[in-house]
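Input: a single structure, listed below in structure tokens.
The values are calculated or read from the model by the stated rules, or taken from the named source; none is laboratory data. Values in this document were obtained by computation on a predicted structure and should not be read as measured data. Neighbour counts are summed over all protein chains in view; Cβ atoms, including those assigned to glycine, are modelled from backbone coordinates with ideal geometry. All accessible areas refer to the heavy atoms of the entire protein, side chains included, with ligands and DNA or RNA removed. Shrake-Rupley method; radii C 1.70, N 1.55, O 1.52, S 1.80 Å.
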Protein chains: 2
Amino acid sequence: MAQAGTRSGNTPVRQASLREHNLGLVLRHIATGPPTAGGTDAAGGTVGTGGTAAAGGRVPSRADIAAATGLTRATVSALVDDLIGGRLVTEVAPTPRAGAGRPALGLVLAGNGPAGLGLEINVDYLAACVVDLTGRVRHRVVHRADQRPAGPRDVLARVADLAAAVRGEAERQGLAHAGTALAVPGLVTADGVVRLAPNLGWRDVDVPALVHGHPALAGAPLTVDNEANLAALGELHTAGPASFLYVSGEIGIGAGIVLDGALLRGARGWSGELGHVAVRPDGPPCGCGARGCLERYAGQDAILAAAGLADRGHTADQAVARLTSLAEAADPAALRALADAGSALGVTVAGVINVLDVDTVVLGGVYAPLTPWLAPAVEDEVNHRVLTAGWSPVTVRASRLGGDAAVVGAAGSVVRAVLDRPARWLAGGRP
Amino acid sequence: MAQAGTRSGNTPVRQASLREHNLGLVLRHIATGPPTAGGTDAAGGTVGTGGTAAAGGRVPSRADIAAATGLTRATVSALVDDLIGGRLVTEVAPTPRAGAGRPALGLVLAGNGPAGLGLEINVDYLAACVVDLTGRVRHRVVHRADQRPAGPRDVLARVADLAAAVRGEAERQGLAHAGTALAVPGLVTADGVVRLAPNLGWRDVDVPALVHGHPALAGAPLTVDNEANLAALGELHTAGPASFLYVSGEIGIGAGIVLDGALLRGARGWSGELGHVAVRPDGPPCGCGARGCLERYAGQDAILAAAGLADRGHTADQAVARLTSLAEAADPAALRALADAGSALGVTVAGVINVLDVDTVVLGGVYAPLTPWLAPAVEDEVNHRVLTAGWSPVTVRASRLGGDAAVVGAAGSVVRAVLDRPARWLAGGRP
């Protein structure tokens, strides 16, 4: 027990926090085991909420956990019973093993327990999804519609209705609601006020106050965060590298910066406004009041306009699909529009890499499906302009979570909070 | 003693590290007391190695330290005796106090004990200085000469000779050599290899190997770091804000990024290459191989050329002094050159602030004396281009350490290491 109660090897934990500590220790051990079918993958996506799966590893048994942690068999069994009772862990059929004796039951994260609700408000769509403890996306809904004409109150009412529908579906699947995270394309304070979302036209919108009392968002924590930050966290937890620049291309362009496994939020939480970095200081005017911002060269609307796809009666979603088809067919205007946007993005990203020193750029949002045509131009600028690129190449790739990274990352952040503090969930208990 | 042995309140420290821990505790308490005359300020500078001085605070006595830390009087006295014996702390005359009893002796950092040697290699000068434990600059030498024609081996031999002279002067002043930190304008690996210093023309220069055996650098640790990083650390320890962007203007332009009191080194330690961020992607070619880099608009040579002061038989130092005089006299060409450089710098800095979210920009190197003319243009671009500037103003100011920030910061980093680990110094003992 003495060894079991240690954190970093020599600083004993007090009795009061010992169970909490050991619950976390056991759950982490189970979470980093190989992934198994904890739930049906109804929506086809996975966000790695459970940490990096040990490649080729075996599903751990109680005895394995005792051996790995130094806890006694009896302690592990008691803790595992608590985790099973709280629907955080479930038993699976024994895996064959060498040697004598009855094979032990394996332990995996439960796919039928607590689940996170992710919501996203973006300029031309609303999205919602549910992610279970194993990281599987269990349900996902996207409503495409321009959100600019409606005010914040109406948009928040719509997203709360979407939340109600998705939460209902999650309950039908037997999942327990663990909390909600809402992604917005703007600057958000720590208490959930959207200080500025330029492309939505929002300023000083107190989200918690406006959704207060809505049943779909009640009974569990609600957090509000920048969409690129949540997407970057989702990417990080999907076996992402320890340091990378996540670029979210939508009508606006945001960034999430991950350094050494941690999100860099900046001095006041307002990092990542990549769309308002100047590509050409005297370029075309931007809605923010400045000139030559990246958004004017590489935002979704700018790309569609350059490809001749703006204002043709399509929704933006249809227009992006059309752009992808044209690029696949090697349409010169489409290829030129994407190469030009990629160059502008590459100039800006090269500047960020020179200043921040990251070696991976992840393209998300509408950039994810467009990566085959954007990445070569981005790479060209980066290789040309980053001082260290000659001996330390930079990788440019699409987000593993595709265009849904923000909403999936939002739901994943709720699940992550449960996994990080299992005792709180078991206490009745919200993350 | 139980309370005295705690770190963060509830995690006891083992006996083996208890003395080390408590020595640090007592020394920090003394270091954050009010500054006093620990040594003569021979060179006129101060870098705050001892932490933030408690404004209006009283010089602490042994009894004060016992009361503040929870250590017994006997333990404090034994620890203080060790610190005095190791020349880390010295006693000063009692300060008058209210109440009865004999006034106690005050304790301050010793100005006659260990001192750090700072060295700097830059494109057109070499510098060396000594900083004592109180943060006072005790001796400082600058040799102005273009370092580009000589190779790394010769330049390092010159800087080692400079180190020998300055170290000799420090010994004459009774100081003990605690170590050396060398600032270079380039990308440095953790083991002291300069991977690239474009403006010096250096590539893969193994500094420790090349200076190995030189007596002036022997007998104590030698660290090599980027000059802007060391300058930023110096600024941080001089009552700087918790988060800021330090910009070092020389022939090249580097940056040190401090977020929440910590230097942000990037994924591989190569952050801060601000000089190679593009101002105009198709601007004039840069030595790095790209086009339109900030250095081409706001580097020292670019500013002097724009002001008509290049190639007139002056050294760069004389030319910068001449530029300052002309600006003071409101010479139109000088003012235009500085405003244009400030605008280019402002565009770049605004991009960094949009991405990183810092609210203070510190101008160092040759920018420090030129700040009165550069800052208005920088502020204009920042206010115009930073999305959050409207409600959260950005401060642009000169470095408190002036043009010597890198070399003073380098020496200060050595002293800081002694203060952070006093037991290592006392053990015979290098930081």
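The table that follows gives values for the structure above.
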read-out	value
Crossing angle, helix B:367-385 versus chain B [Cα axis fit, 0-90 degrees, rounded to tens]	70
Gaussian network model of chain A, springs between alpha carbon atoms under 10 Å - residue of A:21, A:139, A:177 with greatest fluctuation	A:21
Inter-label distance for residue A:141 and residue A:329, nm, one decimal - labels placed 7 Å from Cα along Cα-to-Cβ	3.5
At 0.890 mPa s and 25 °C, Stokes D of region A:356-408 from Kirkwood alpha-carbon radius, µm² per second	210
Stokes-Einstein D in µm²/s, Kirkwood radius over Cα pairs - region A:143-229 at 10 °C with 1.306 mPa s viscosity	117
Fraction of antiparallel bridges per DSSP, the protein assembly as shown only, in percent to nearest 5	65
Residue B:214/residue B:314 FRET efficiency (R0 41 Å; Cβ-Cβ; nearest 0.05)	0.80
Number of partner chain Cβ atoms within 10 Å, mean per residue of A:261-270	5
Other copies of residue B:390: label-to-label distances in nm, shortest first, labels 7 Å along the beta-carbon direction	4.4
Where only C-alpha atoms are counted, convex hull volume of region B:297-431 per residue in Å³	132
Rg/Rg_globular for chain B, with Rg_globular taken as 2.2 N^0.38 Å and Rg from C-alpha atoms	1.04
Mean Cβ neighbour count within 10 Å, used as a protection proxy, ranking A:340-349, A:406-415, A:259-268, A:321-330 highest first	A:406-415, A:340-349, A:259-268, A:321-330
Helix A:152-172 vs. chain A, principal-axis angle (Cα, 0 to 90°, nearest 10)	40
Value of [θ]222 nm, deg cm²/dmol, for the protein assembly as shown, DSSP H segments ≥ 4, -39500 (n - 2.57) each, nearest 500	-12000 deg cm²/dmol
HN-Hα J in Hz across region A:63-78 - Karplus 6.51, -1.76, 1.60, θ = phi - 60°, x for Gly and Pro	5, 4, 5, 4, 5, 6, 9, x, 6, 6, 4, 5, 5, 4, 4, 5
Given charges at Cβ of Lys, Arg, Asp, Glu: region A:241-399 dipole, positive-most of A:376, A:391, A:285	A:285
Base-10 log of normalised Debye intensity for the protein assembly as shown (one unit scatterer per alpha-carbon) at q = 0.07, 0.10 Å⁻¹	-0.65, -1.20
Copies compared at residue A:91 - label distances in nm, ascending, label defined 7 Å from Cα in the Cβ direction	7.1
Interface size B-A, as summed buried accessible area [1.4 Å probe, Å², nearest 100]	4300
Cα-based helix-to-principal-axis angle, B:227-236 vs chain B, degrees rounded to 10	50
For residue A:18, inter-copy label distances in nm, listed shortest first [label point 7 Å out on the Cα-Cβ vector]	2.2
Cα-based convex hull volume of region A:193-348 per residue, rounded to whole Å³	164
Unit charges on C-beta of K, R, D, E only; dipole of chain A, Debye	1340
Spin-label model distance (nm) - residue B:268 vs residue A:427, 7 Å beyond Cα toward Cβ	4.5
Local electrostatic count, residue B:269, Cβ distance below 13 Å [Lys/Arg +1, Asp/Glu -1]	-3
Peptide B:274-283, shielding by other chains (average Cβ, 10 Å cutoff)	6
